[in-house]
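Engineer: Below: one structure in structure tokens.
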Amino acid sequence: MERSGISGTGQRGAPSPRRSDWHTLATLLPYLWAYRARVVLALLFLFAAKAANVGVPLVLKQIVDRLSVQNAMLVLPAALLVGYGLLRLFTTVFTELREFVFAKVTQRAVRRVALEVFAHLHSLSLRFHLERQTGGLTRDIERGTRGISQLLGFALFSILPTLVEIGLVTGILLVKYDAWFAIVTLITLAIYIVTTVSITEWRLNFRRSMNELDSKANTRAIDSLLNYETVKYFGNERFEQRRYDEAMQRWERAAILSQTSLSALNAAQSAVIALGVTLIMWRAAAGVVDGSMTLGDLVLVNAFLIQLYVPLNFLGMVYREVKQSLTDMERMFRMLREHREIEDRPGARALALNEGVVEFDRVEFSYDSRRRILDEVSFRIPPGQTVAVVGASGAGKSTLARLMFRFYDVDAGALRIDGQDLRDVTQASLRAAIGIVPQDTVLFNDTVFYNIAYGRPDASREEVVEAARAAHIHDFIMSLPDKYDTAVGERGLKLSGGEKQRVAIARALLKGPRILIFDEATSALDSRSEKAIQAELERIAQGRTALVIAHRLSTVVDADEILVLDHGRIVERGRHRELLSREGVYAGMWALQQEEQERELAQDAIAPAPATTN
């Protein structure tokens, strides 16, 4: 009978199960084919183990028959007893050898598939990652890799051995005894399998629902924990608990239905087995009575039935887990079929970086066809010069940086570096040539050293420290208890916004690219820190092509050219003084920011001094 257990994942959409299952198996086969020698050897051990196991009742029959004669007490069948023990030993030895040989195949297949999915996820577009749900995605990968291990384990260690044993036992019953034994055995097996599969298919609806709800609950929990501070800011702990409990309540109802339907399956399986065993044992007992069979034959038939029906007790669980493993694997393999929005063209060459000239040529772009983000944007950044882009939030400034990194392709026009269209060069060479300090710095949950060294993982410790000095964060790091080995926490939450920004600057400096992008690089810094960092940024930008995306106009007054972006269009361009003299959009933004700065200074001047205590 099947035993309860919870595993697997929900199934969205539910394509044709048969077609999906065969497709999933076909996808997995190449990963196994690489270790075909081990697979064949494991199969040989499997057949040897089953041959030994089937031989045990045959020897047991001989022992019983020998002991049933009158002189049995005088001569023990020593050879048969030794053979009986050896066959039981060989059953275990060959089974363990099978698992020993196949272990590498299973784990290596899991490793290769997981690595391929991981690499593919990194190759997908930014659009995919902005729309994904991290909790559900990680569950799909976890269940998919576990599904491979479970599928191979059940196929080689449960299903195939049972089929081999059924074939061997049926053959022996046909050869040695009346065909009635084999017929009843096969009919019982057929009824058992049909009953188990039918009820299990019905139960899978509850399982799928249960696991889909489990994924949703997990996604909701992870999303809430990732936004821990926001939850605390608004005091919404109970609200989050209610949302999570609502998901868990729906999961609970599906889980109860799944568990109660298990009882129906177990009862049906027991009834079929009881009927089959009773019929065969009645026929065997009648044979002993009429002298056509010996006691050893009765023991043999009984032993065969036990050996067949014990593994069949778990057929429902095996079938369900295999189906669920296939579903889990299909969801994971579906990620491998996820379309890469941005791909290297066939024959794409590495970027040939000479002077580092960046050119936007009548670029048009939109994330959604209903809303244009950039509209015929054209500008050029000469080698060694700095061009700044300013404008209101939502004007499309940060989109320029994303297009330069080719997270997206332009809808129209062209984006070139040293005359080479970015769509014609490899993404790896393009991104190696560009360094960025983003507006929102998210750090890895590792040490300060690791996060700075991420700009160039093979850099020496001295180079990392030098980059930290250049970013004016070395003294702060040295004040920490563990210095460069201090953990920064999930997404860098143990550091302030300004400290994270300085780490990002140090990381970009360590990379040492020819082209630099500063996307609101000083947005999280106070005025004093901003001036210090700004001077350093100007120093490192010298001799490099730099694109500065800024909100604070005071940070771009020395740029070689300033572009004013408004609703995706460049409405003004020129140097700082030129733009002020035109008294246009830029001049209005400058005046507004100056008023805000004067107001802040005035408030600081009249603010009461902090209280002191004696």
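Engineer: For the chain, build the charge dipole from Cβ charges (+1 Lys, Arg; -1 Asp, Glu) around the Cα centre, then report which of I517, S325, V571 sits farthest towards its positive end.
Structural biologist: Projecting each Cα onto the dipole axis, the largest value belongs to S325.
Engineer: Roughly how much of D458 is accessible, in Å² to the nearest 10, using a 1.4 Å probe?
Structural biologist: 130
Engineer: Only helices at least 18 Å long along their axis, Cα-based, and averaging 1.0 or more on Kyte-Doolittle count here, so list those DSSP H runs from the chain.
Structural biologist: Flagged H segments are 36-67, 160-176, 295-312.
Engineer: Here are some values of Cα extents along the principal axes in Å: [x] 96, 92, 54; [y] 76, 69, 56; [z] 122, 62, 53. Which one was computed from this structure?
Structural biologist: Checked against the structure: label [z].
Engineer: Another question, then. Taking the Cα centre of the chain as origin, sum charge times position over the Cβ atoms of Lys and Arg (+1) and Asp and Glu (-1), and report the length of that vector in debye to the nearest 20.
Structural biologist: Roughly 2140 debye for the chain.
Engineer: Which whole-Hz couplings ³J(HN,Hα) result when phi for each residue of region 344-358 is put into the Karplus expression 6.51 cos²θ - 1.76 cosθ + 1.60, θ = phi - 60°, listed in order with x for Gly and Pro?
Structural biologist: 5, 5, x, x, 4, 9, 5, 4, 8, 8, 10, 8, x, 7, 10
Engineer: Within a Cβ distance under 9 Å of N445, other residues only, what is the Lys/Arg minus Asp/Glu net charge?
Structural biologist: It works out to a net charge of -1.
Engineer: Once amide H atoms are built 1.01 Å from N in the peptide plane, which residues 5 or more positions from I517, or in another chain, come under 5 Å H to H?
Structural biologist: Amide H neighbours of I517: G435, I436, V437, L547.
Engineer: I would also like to ask the following. What is the calculated FRET efficiency for E116 to H23, with r their C-beta to C-beta distance and R₀ = 25 Å, to the nearest 0.05?
Structural biologist: 0.90
Engineer: Magnitude of the Cβ-charge dipole of region 300-398, K/R +1 and D/E -1, about the Cα centre, nearest 20 debye?
Structural biologist: 280
Engineer: If you place +1 on the Cβ of every Lys and Arg and -1 on the Cβ of every Asp and Glu, how big does the dipole about the Cα centre of region 355-496 come out, in debye to the nearest 20?
Structural biologist: Using only the charged Cβ atoms, the result is roughly 340 debye.
Engineer: Compute the signed sum of charges (Lys and Arg +1, Asp and Glu -1) over the other residues within less than 12 Å, Cβ to Cβ, of F476.
Structural biologist: +2
Engineer: Give the accessible area for D178 in Å² (nearest 10); use a 1.4 Å probe, count only protein heavy atoms, and leave out ligands, DNA and RNA.
Structural biologist: The accessible area of D178 comes to roughly 80 Å².
Engineer: Give me the one-decimal nm value for the distance between modelled label points at V310 and T278, 7 Å along each residue's Cα-to-Cβ direction.
Structural biologist: 2.4
Engineer: For the chain, with every protein chain kept in place, what is the accessible area per residue (1.4 Å probe, Å²)?
Structural biologist: I get 52 Å² per residue for this part.
Engineer: Ranked by accessible surface with a 1.4 Å probe, highest first, in what order do L422, L225, L353 come?
Structural biologist: Descending accessible area places them as L225, L353, L422.
Engineer: Counting only the heavy atoms of the protein chains, how much of W251 is accessible to a 1.4 Å probe, in Å² to the nearest 10?
Structural biologist: Rounded to the nearest 10, the figure is 60 Å².
Engineer: Then there's this: Could you work out [θ]222 nm for the chain from helices alone, using -39500 (n - 2.57) per DSSP H run of at least four and dividing by all its residues? Round to the nearest 500 deg cm²/dmol.
Structural biologist: Theoretical 222 nm ellipticity from helices: -21500 deg cm²/dmol.
Engineer: Next question. By how many nm would the segment from R552 to D475 lengthen if fully extended, with 0.36 nm per residue of separation less the alpha-carbon distance?
Structural biologist: Length difference between fully extended and current span is 25.1 nm.
Engineer: Report, to the nearest whole %, how much of the accessible area of the chain belongs to carbon and sulfur atoms, 1.4 Å probe, protein only.
Structural biologist: 57
Engineer: Right, next: How about K61: which lysines have a C-alpha closer than 18 Å to its C-alpha, ignoring those fewer than 8 places off in the same chain?
Structural biologist: K50, K176
Engineer: In region 331-461, if the dipole is taken from +1 on Lys/Arg beta carbons and -1 on Asp/Glu beta carbons about the Cα centre, which of S429, G413, P382 is farthest to the positive end?
Structural biologist: The listed residue farthest towards the positive side: S429.
Engineer: Rank S198, S398 by accessible area, highest first, at a 1.4 Å probe radius?
Structural biologist: Most to least solvent-accessible, the answer reads S198, S398.
Engineer: Hey, another quick one. Taking H as built 1.01 Å from N, whose amide H comes closer than 5 Å to the amide H of E572, not counting residues under 5 places away?
Structural biologist: Amide H neighbours of E572, under 5 Å, 5+ apart: V564.
Engineer: Full-extension gain between S369 and F234, please, as 0.36 nm times their residue separation minus the C-alpha to C-alpha distance.
Structural biologist: The span from S369 to F234 would gain 45.1 nm if fully extended.
Engineer: Right, another one. Under a 1.4 angstrom probe, counting protein chains only, how are M281, M332 ranked by accessible area, largest first?
Structural biologist: M281, M332
Engineer: Given Cα pairs under 8 Å that are at least 6 residues apart, what percent is the relative contact order of the chain?
Structural biologist: Over the chain, the number comes to 15 percent.
Engineer: Which pairs break 26 Å Cα to Cα here: K216/K494; K397/K500; K104/K216; K232/K483?
Structural biologist: Over 26 Å apart, Cα to Cα: K216/K494; K104/K216; K232/K483.
The values are calculated or read from the model by the stated rules, or taken from the named source; none is laboratory data. Just so we're clear, the structure is a prediction, and the values are computed from it rather than from any experiment. Positions of Cβ are generated from backbone atoms using ideal geometry, with glycine treated the same way; all protein chains shown enter the neighbour counts. When the accessible area is computed, the model is the full protein with side chains, heavy atoms only, and any ligands, DNA or RNA have been set aside. Shrake-Rupley method; radii C 1.70, N 1.55, O 1.52, S 1.80 Å.
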